[in-house]
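Engineer: Structure below; questions to follow.
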Amino acid sequence: MQYNHELDRYQIKSADSLRNCMRGGNGVVCLVAPTLKAHTYRFKKPRNEDKFPDDVVFVYVLHESAYYYIGMIEGNSFRLTQNSRFIEDTESVRGAKYLMRMINEEGFFEASPMRVYHHGKCAVCGRKMRSAKAIMAGVGPKCLRRLQAKLNVQ
């Protein structure tokens, strides 16, 4: 994989923007190591949301050409479940845990040598984002207001 400077437009620059992408219910991010090895993750709200707490998000990883379920985020932690297709020590699971550290540990995102990118679509509704501000946030302006209200963030 060769580095593409055009991707800088989609680089997530803050832990808050990454949190939006992961918590929005429809986010896709790519975690890229300094060696340019990358893993793409999808974060989805449960289809039957009434059976899960509000803060649950399912995590999938792109493997070859399909997304596979890894585990779930509940509160501020990621965990494997009985339906997980991966074991604890795989790169994909370690990457998901690394993303959680990036949004939960003060200063970890800024100090990390890893880069994170989103795919140019709103992490909540999936629409293509056009404004620079929305692209930087990873969420469109209307969806960001709703997400912040839901997560009780001012």
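The values are calculated or read from the model by the stated rules, or taken from the named source; none is laboratory data. Everything numeric here is computed off the predicted structure, so don't read it as measured data. Using ideal geometry, Cβ is built from the backbone for each residue, glycine included, and neighbour counts are taken over all protein chains shown.
Engineer: Restricting the search to the stretch 68-78, which residues are buried (at least 16 other Cβ atoms within 10 Å of the Cβ) and of a type outside the set (Ser, Thr, Tyr)?
Structural biologist: Within the stretch 68-78, Ile70, Gly71, Met72, Ile73, Phe78 qualify.
Engineer: On to the next question. Part of a strand (DSSP E or B), in contact (Cβ under 8 Å) with a residue 12 or more places away in the chain and touching a helix residue (DSSP H, G or I) at 6+ places or on another chain (Cβ under 7 Å), is that true of Phe78?
Structural biologist: Criteria met by Phe78.
Engineer: Still on this model: Those residues that are within 22 Å of Glu74 (Cα to Cα), hydrophobic (A, V, I, L, M, F, W, C) and outside any loop (DSSP other than H, G, I, E, B), I need them from the stretch 100-136; list them, please.
Structural biologist: Met100, Met102, Ile103, Phe108, Phe109, Val116
Engineer: I'd like to check something: does the stretch 13-32 contain any residue that is farther than 22 Å from Gly140 by Cβ, touching a Gly at 6+ places or on another chain (Cβ under 9 Å) and of a type in the set (A, V, I, L, M, F, W, C)?
Structural biologist: yes
Rundown of residues vs (1) in contact (Cβ under 8 Å) with a residue 60 or more places away in the chain; (2) farther than 22 Å from Asp55 by Cα; (3) surrounded by 15 or more Cβ atoms within 10 Å (Cβ to Cβ); (4) among the aliphatic types (A, V, I, L, M), yes/no style:
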| site | (1), (2), (3), (4) |
| --- | --- |
| Met102 | yes, no, yes, yes |
| Pro113 | yes, yes, no, no |
| Ala123 | yes, no, yes, yes |
| Lys128 | no, yes, no, no |
| Met136 | yes, yes, yes, yes |
| Gly140 | no, no, yes, no |
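Engineer: Can you tell me which residue is nearest to the chain's Cα centre (by Cα) among those in the stretch 78-110 that are farther than 16 Å from Cys21 by Cβ and aliphatic (A, V, I, L, M)?
Structural biologist: Among residues in the stretch 78-110 that are farther than 16 Å from Cys21 by Cβ and aliphatic (A, V, I, L, M), the one nearest to the chain's Cα centre (by Cα) is Val93.
Engineer: Moving on. Please go through the stretch 83-99 and pick out each residue that is among the hydrophobic types (A, V, I, L, M, F, W, C) and part of a helix (DSSP H, G or I).
Structural biologist: Across the stretch 83-99, the qualifying residues are Val93, Ala96, Leu99.
Engineer: For residues that are modelled with pLDDT under 90 and touching a Leu at 6+ places or on another chain (Cβ under 8 Å), tally how many sit in the stretch 3-19.
Structural biologist: Residues meeting the conditions: 1.
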